[in-house]
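The values are calculated or read from the model by the stated rules, or taken from the named source; none is laboratory data. What you are looking at is a predicted structure, and each value in this text was computed from that prediction instead of being measured. Using ideal geometry, Cβ is built from the backbone for each residue, glycine included, and neighbour counts are taken over all protein chains shown. Note: accessible area is taken over every heavy atom of the protein model, side chains too, but ligands, DNA and RNA are not part of it. Shrake-Rupley method; radii C 1.70, N 1.55, O 1.52, S 1.80 Å.
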Amino acid sequence: MKATIYPNLFYNEKVKANPYIKDFISALYDSGIQIANPPHKNPLFSICFKIINSDFYFFHWIEDVTNHKFGYLQAFMAVIFIVRIKLHGKKIIWFLHNKSGHTTRHIKIRKLLVKILTKSADYIITHASDGLEIIEDPYKKKVIFIDHPTKNRIKFSTESKNLSPAFDLLIWGSISRYKGVLEFLRFAKKTDSPLKIKIVGKCKDNQLCRELLEESTELVDIENRSISFEELCLYIENAKFVLIPYSAESILSSGILMDSLSFGAKVIGPDVGSFRDYASSSEVNVYTFAKFDDIEYIVSLNVEPVSIEGYTRFLQRNSWSNFAKKISDVIQS
């Protein structure tokens, strides 16, 4: 069985491929599925003119191509490619990662691509139960909920448990405007929040970096750099909670959430998507906020301690290998 995957982005020092895609491809390959398209610096242009000979075409974030270089042309080519796939009788599996785009640019074109994908996809996979409600009839029957896969990194984080965390909240990962970090810092400064906040992550937007520094206080420590998972383990050990202050308008699932849980972290996130799904779980410690005021209250609570056994069960059930098996079941159906 052969599959083509978008985006299979070429990895080099300047352009890092999304780790989700790398793990996705590896998991499918290990399950016996042949990957037809090699990585490329132009992942859409590299596949849209090729012979349609794969059995399945997996699309991730293709509805957001207008945010990339030559966006309008890429959107046009995406439509042509989808039409070609369907004319050849091949199958499309579209992953619905977000409720809407993270930016307000090209909204109409994005909505058009979502409409075309909704009609053309044979299956639509979402990593949050909220995603089941986004697609309307008669296409709702195509939607399948499969938990966002992750890895088990508990072995890294249990070697030296820090009983006296240095800060209350850790915000990590690449920093973009849609992630709500600036809004949270403005709130914390305005309300004289007593919470100690550590922010570590690469911010490529220089203007956003300046705005973050303007809103920081003596209780906020910001490091504008990427970190390894080994470093992340230490930061998580020194934090009471990982905070993911995303805007609830666009988010469904979150790789930051799953990677944080992979280290056994306690996580606070918006009351939406997979955050809401796991807030009701007895295996992992996920807490949700409806407004920023809730965050300080959650930190002040005497919350349940982390259950290593519970986290291990959760992470094993949602491993990449089990995820590949679920995808194989979808394909075989």
Residue match in region 162-175 (condition: under 20 Å from the mean Cα position of the chain (by Cα) and at positive phi): yes
Sole residue being among the basic types (Lys, Arg), assigned to a loop (DSSP other than H, G, I, E, B) and out of contact with any strand residue (DSSP E or B) (no Cβ under 9 Å at 6 or more places or on another chain), chosen from 69, 119, 111: 69
Selection count where residues are open to solvent by less than 40 Å² (accessible area, probe 1.4 Å) and either among the hydrophobic types (A, V, I, L, M, F, W, C) or in contact with a strand residue (DSSP E or B) (Cβ under 7 Å, 6 or more places away or on another chain) (or both), scope region 92-108: 7
Boolean, residue 179 is at pLDDT below 95 and surrounded by 19 or more Cβ atoms within 10 Å (Cβ to Cβ): yes
Residue count for region 6-24, restricted to those that are at pLDDT 95 or above and among the charged types (D, E, K, R): 1
Which listed residue, of 112, 87, is open to solvent by 70 Å² or more (accessible area, probe 1.4 Å), over 30 Å from residue 256 (Cα atoms) and not charged (D, E, K, R): 87
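Table: residues versus (1) among the hydrophobic types (A, V, I, L, M, F, W, C); (2) touching a residue at least 24 places away in the same chain (Cβ under 8 Å); (3) surrounded by fewer than 20 Cβ atoms within 10 Å (Cβ to Cβ); (4) within 30 Å of residue 319 (Cα to Cα).
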{"position": "175", "(1), (2), (3), (4)": "yes, yes, no, yes"}
{"position": "187", "(1), (2), (3), (4)": "yes, yes, yes, no"}
{"position": "199", "(1), (2), (3), (4)": "yes, yes, no, yes"}
{"position": "208", "(1), (2), (3), (4)": "yes, yes, yes, no"}
{"position": "219", "(1), (2), (3), (4)": "yes, yes, yes, no"}
{"position": "246", "(1), (2), (3), (4)": "no, yes, no, yes"}
{"position": "250", "(1), (2), (3), (4)": "no, yes, yes, yes"}
{"position": "269", "(1), (2), (3), (4)": "no, yes, no, yes"}
Residue selected from region 277-333 under the condition free of Cβ contacts under 8 Å to residues at least 24 places away in the same chain, in a loop (DSSP other than H, G, I, E, B) and farther than 30 Å from residue 4 by Cβ, by the criterion least open to solvent (accessible area, probe 1.4 Å): 285
